[in-house]
Amino acid sequence: PITPGELLCLGSSLAFSGLFYYIYRKKARVVSRIQEAPKLQVDDDLPALVSAAEGRCLPYVALEGIVLPAQAALTSHYHEGLQGVIQKLLLKEHRLIWNSLARCW
């Protein structure tokens, strides 16, 4: 004899398993598309290739080439001869609000 509580647990377990399998398959397709992405070189032909693409957009493309720093390259303090650049720097300041209940900012 199966109780209604056991049926509820079995049904919810099957529903969650189906949901997680769906999410897994969706992410696996994205990963396979990224792994099969064409590799393009950063050169003078790249702007023409982008403008010729549908919607002026190339989805999942790996770009290879030399990156030049805008000012000076960053050098590592831990590995001699290792240099890098920052792609984008985002500074976000959070506004402080006084919480009168906890009496803190």
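The values are calculated or read from the model by the stated rules, or taken from the named source; none is laboratory data. Predicted model, so just to flag it, every value in this text is computed and none were measured. For neighbour counting, all protein chains shown are included, and Cβ atoms are generated from backbone atoms with ideal geometry for every residue, glycine included. Surface areas here come from the heavy atoms of the whole protein model, side chains and all, with no ligands, DNA or RNA. Shrake-Rupley method; radii C 1.70, N 1.55, O 1.52, S 1.80 Å.
Confirm whether GLY11 is in contact with a strand residue (DSSP E or B) (Cβ under 7 Å, 6 or more places away or on another chain) and open to solvent by less than 60 Å² (accessible area, probe 1.4 Å).
Numbers: in contact with a strand residue (DSSP E or B) (Cβ under 7 Å, 6 or more places away or on another chain): no; open to solvent by less than 60 Å² (accessible area, probe 1.4 Å): yes.
No; evaluated as a whole, the condition is false for this residue.
Somewhere in region 83-95, is a residue touching a Pro at 6+ places or on another chain (Cβ under 9 Å) and part of a loop (DSSP other than H, G, I, E, B)?
Yes, region 83-95 contains at least one residue that is touching a Pro at 6+ places or on another chain (Cβ under 9 Å) and part of a loop (DSSP other than H, G, I, E, B).
So how many residues does region 1-34 have that are part of a helix (DSSP H, G or I) and β-branched (Val, Ile, Thr)? Walk me through it before giving the result.
If we filter region 1-34 for residues that are part of a helix (DSSP H, G or I), which is where we start, we get 4-34.
Pick out the ones that are also β-branched (Val, Ile, Thr) and you get 23, 30-31, 34.
So the count comes out to 4.
Note down all Cβ pairs under 9 Å where the first residue falls in region 69-81 and is in a loop (DSSP other than H, G, I, E, B), the second is surrounded by fewer than 10 Cβ atoms within 10 Å (Cβ to Cβ), and they're at least six residues apart or on different chains.
Close Cβ pairs (under 9 Å, with a partner that is surrounded by fewer than 10 Cβ atoms within 10 Å (Cβ to Cβ)) amount to PRO69/ILE86.
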